[in-house]
1. Equivalent-ellipsoid semi-axes (√(5λ), Cα gyration tensor) for the range 594-672, whole Å, largest first?
2. Once the other residues with Cβ under 13 Å from the Cβ of LEU152 are scored (Lys, Arg +1; Asp, Glu -1), what is the net sum?
3. Neighbouring Cβ atoms within 10 Å as the yardstick, rank CYS182, CYS354 fewest first.
4. Enter the per residue convex hull volume of the range 248-306, computed from alpha-carbon coordinates, in Å³ rounded to the nearest integer.
5. For the range 360-490, report the convex hull volume of the alpha-carbon atoms normalised per residue, in Å³, without decimals.
6. Give the Cα extents of the range 147-300 along the principal axes, in whole Å, largest first.
7. Within the range 646-666, name every residue whose backbone N is under 18 Å away from a label modeled 7 Å from Cα of GLN637 along the Cβ vector.
8. What is the range 469-590 by shape, rounded, prolate or oblate, if you read a ≥ b ≥ c off the alpha carbon gyration tensor as root eigenvalues and call it rounded for a/c under 1.5, prolate for a/b larger than b/c, and oblate otherwise?
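Taken together, the values in this text are just the output of simple stated rules run on the coordinates, not laboratory data. All values derive from a computational prediction rather than experimental measurement. Here the Cβ positions follow ideal geometry from the backbone for every residue, glycine too, while neighbour counts run over all protein chains shown.
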Amino acid sequence: MPRFKQITQIQQLMTQKEHIRNIGIIAHIDHGKTTLADALLAGAGMLSPRMAGTARVLDYLDEEQKRKITIKTANISLLIKADNGEFLVNLVDTPGHVDFTGKVTRALRVIDGAVVVVDAVEEIMAQTEIVTRQALEERVQPVLFINKVDRLITELQLSPLQIQQKLDHIIGSFNDLIELYCEEEFKRQWKIEPSRGNVAFGSALHGWGFTLEAAKHKGVRFQDVIDAYAKEAQGKLAEVLPVYGAIFEMTTKALPNPKAAQAYRIEKIWGGQADSEVGTTLTQCSDAGAAVMCITNVTAQGEGCIASGRVFSGSISKGQKLHLVNASLLAEVSDVFVDMGSFHEQIMQGVAGCLASVALPVMARAGETLVDAALAEGMVPFEGIHYVSEPVVTLAVEPKNPQDIPQLIITMKKLTVEDPNLRLAVDEKTGEYLLSGMGELHLEVAVNQLKSESGLVIEVSSPRVMHMETVSKKGITAKASSPNKQNSFHVNVEPKLEEITEGNILLLDEHQNLLVDQNCKTQTIPQELQQAIIEGFKFACSAGPLCGEPMRHVKVNLADFELSQTSQDQIPIEVMRGIGKAIFASTLTANPTLQEPIYKTTIILPTELSGQTQKILAAKRGKISHFEQKGLLTEIQGQIPVAETFGFSKEMRSATSGRAFWQFIFDHWEALPEKIVQKTISEIRQRKGLAEEVPKPERFMDNEV
């Protein structure tokens, strides 16, 4: 029996596309997303209004309740009654902390509209810009909720004119983001204006909010809001203008239904031909078409998983056989669910345009495409999900009892399946098990989950920053032989440029390393030997010659090669080793150096504390790019190396007595300053148990430099 009495009505509405909205709440951290989600649940009759703002219903993990932040995305289906009928609103609450941006990226694939929440005092922040840009890149239409308007009245004590100017400035800044990041065909339609009903104002914590139309309908002026706070009667505002009413009004009137949205979103998020048979059913959001589902989140369950995502075409029901396109597997659906926060409620079937979860006996990964078994041959998967950040901080983990290593590895692999922004690696030289993530908080949460799910006593190293090896000029054409001396390779490396005008591109890897066969000779050799050359390139780039760190932005030119005609069974491994030696040799003549990750930072604090903050940034090799005073507060924007942020929180809290707010967002990779390159290389080599000296090129090649 379902836990929620609405399940029957939800299933009935699933086929009425015009009355479905798939929306997400996105924002900068602490701007009020989860509080607003509570208010919407209360408005749908699923939560007591007294609990809204404090229940944090969609933050159901222990870590979320303890830290009072959203860590994962949570879905819930709401039945609402509006002026224009009854609607099914599939709501996705997303994290605001930058360490969990990857979860926001995946959530955007399954929604059509986004309620962007902005703090009226802090305005558009760095994370606001990032998540809005992500939404626009996925063709997700945004609407704006300016939250915490009460702060303008009670804290800043602005006049009505000043409040109006403040709100106008936020709207203008938001439209600037749309102008900057939105595709030309949607800019005019998606820009926001209060008169168009796609902007709302209010206080999610105090339960009130309104659109311009709602305020006019109720006969409420902004002066009435100011007067209510003067009389401490804001509770009456929530009765007259409930915040959920404003959001549901925007959702049903300003945001598209799935049928309308898929007509223009499919060509952006799916790699196939829109005019093909499958493409037509996808763009039409057809229940009658073949089943096609995009998976965005996975929870391991025994040998299989519960895979959550969106059905874009057809229907999916228990017992149905589905093909996993990327994994090339066939699996039978064990169950179909609709997500209700922490609960999975069984339903008869998930249909086109709706969010659903399926229980599978095999493991799937985020980004997987599930299709009807009849489409197994030649089906084009959904476009890969592109993340705006990448793992830059690493921990070494090991069980206290060495006998527990197999269990540790199993649990770590499970975590990386559930969270693709975590990376697991084994350092073969040191035997360390390395877990990499977006930042300290991301890894701290992952380690806590690792301990909880494995039940093991685990020892964890201090966090350390990842580095990348790269080259700054063109290296010599180095000749290197395979270990058996029967295969030889001529290779030169150089910094990777954006355009390649000659040769045959064999591979472009995740770190933008490029392998090019200059003379197209690989086309004349067997496929397994072509693959051996590619694998040798991948192996060399995974741990460069300077200190075993991954290589980045290196173009490897395969100038020539000679392969043995004997010992065929030994050739692939010999080819791999030979090409790797040649790459290392040329790299060591190309002025190799290290790159470090750089965070973009935004710091907001009382103006009188800005001087001390600037000194802290300068001492940590930080650079200030923007300095602006906003009333009693100052906003500092700049850049800081990730390596310098360990311990930053403690130092800032001490210097500002906890009155500063800041956030780090991965921005780019940058060459390590020359004065610390050698020291850093030595430290990394020592940690990895490598020889003290960087090897000479001659060690890897046949010819002299």
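1. Details: eigenvalues 95, 35, 18 Å².
Over the Cα atoms of the range 594-672, the semi-axes work out to 22, 13, 10 Å.
2. Around LEU152, the charge tally is -2.
3. Ascending number of Cβ neighbours within 10 Å: CYS182, CYS354.
4. Numbers: hull volume 8.1 nm³, N = 59.
Roughly 137 Å³ of hull volume per residue.
5. Considering the Cα atoms of the range 360-490, their hull volume per residue is 240 Å³.
6. 62, 37, 33
7. 661-666
8. Numbers: a/c = 1.74, a/b = 1.41, b/c = 1.24.
Judged from the Cα gyration tensor, the range 469-590 comes out prolate (a/c at least 1.5, a/b above b/c).
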